[in-house]
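Please treat every number below as a calculation from the coordinates, not as lab data. All values reported here derive from a predicted model rather than from experimental measurement. Reconstructed Cβ throughout: ideal geometry from the backbone, glycine too, with neighbour counts over all protein chains shown.
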Amino acid sequence: MENHENCIFCKIVAGIIPCQKVYEDDEVFGFKDINPAAPIHFLLIPKRHITTLEADAPLDAQLLGRMMALAPRLAVEQGCRPGREGGFRLSLNNGADGGQEVYHTHLHVMGGPRPWNK
Ligand code: 5GP
Ligand code: ZN
C-alpha cells in the first residue's frame, strides 16, 4: 500500500496519528473529523494515498461508489436519524478552488440536528 510519509491521513490509517475510528475494511478507513462542522461529522478515505479525483492513479469508480454506499449505514451507526426526517450530507472538496485542505481524497459525511456550524 502506498503510504506518503508527510500525509496526515496516511498517518491516521497507519495508526501513527490517533483518531476516533468509525470504520475499516481492506480499502476504506473512516474516522471522526477533528473539527466537526455538524453534530456528526466523519470522513471516509481510501487507504491508498490518492491526492485528488484527477490524480495519476485516481480513485476508481467502484471504490468511490463503495465509499458512498457505506455512508447511510455508518451515518445511522454514528447517530444520524435514518430516512427523510434525518439524513446526512456528503461532500468531497477537490482541489484548491474546491476547498480541499488535506490532499488525500476524502468524503465528508455530516449529519445530526440543525443548526450546524457551517
Ligand atoms: P478538506 O477541507 O480537505 O475537505 O477537509 C479536511 C478535513 O480534515 C477537515 O474537516 C479537518 O477538520 C480534518 N482534519 C484535518 N486534520 C485532521 C486530523 O489530524 N485528524 C482528524 N480526525 N481530522 C483532521
Ligand atoms: Zn495519504
Cα→Cβ-extended label distance, 7 Å offset, between Leu90 and Glu27, nm: 1.4 nm
Charged-residue dipole, Cβ positions (Lys, Arg, Asp, Glu), the chain about Cα centre, Debye nearest 20: 620 debye
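GluC sites (Glu not before Pro) within region 64-114: which are DSSP loop residues with at most 10 other Cβ atoms inside 10 Å? Kindly include the intermediate steps, with their values, before the conclusion.
Working: sites: Glu77, Glu85, Glu101; in loops: Glu85, Glu101.
Listed in order of number, the matching sites are Glu85, Glu101.
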Report the GluC sites (Glu not before Pro) located in region 1-59 that are in a DSSP loop and have at most 16 other Cβ atoms inside 10 Å of their Cβ, or state none. Glu2, Glu5, Glu27, Glu54
Just to check I understand the Karplus step: with θ = phi - 60° and J = 6.51 cos²θ - 1.76 cosθ + 1.60, what whole-Hz values come out for region 9-18, glycine and proline as x? 6, 4, 5, 5, 4, 7, x, 6, 10, x
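Rank the residues Arg89, Arg84, Arg73 as a footprinting-exposure proxy: fewest other Cβ atoms within 10 Å of their Cβ go first. Could the numbers behind the result be given before it?
Working: Arg89 15, Arg84 6, Arg73 11.
If I rank by nearby Cβ atoms, fewest first, I get Arg84, Arg73, Arg89.
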What Cys residues in the chain are without a partner cysteine, judged by a Cβ distance under 4.7 Å? Cys19, Cys80
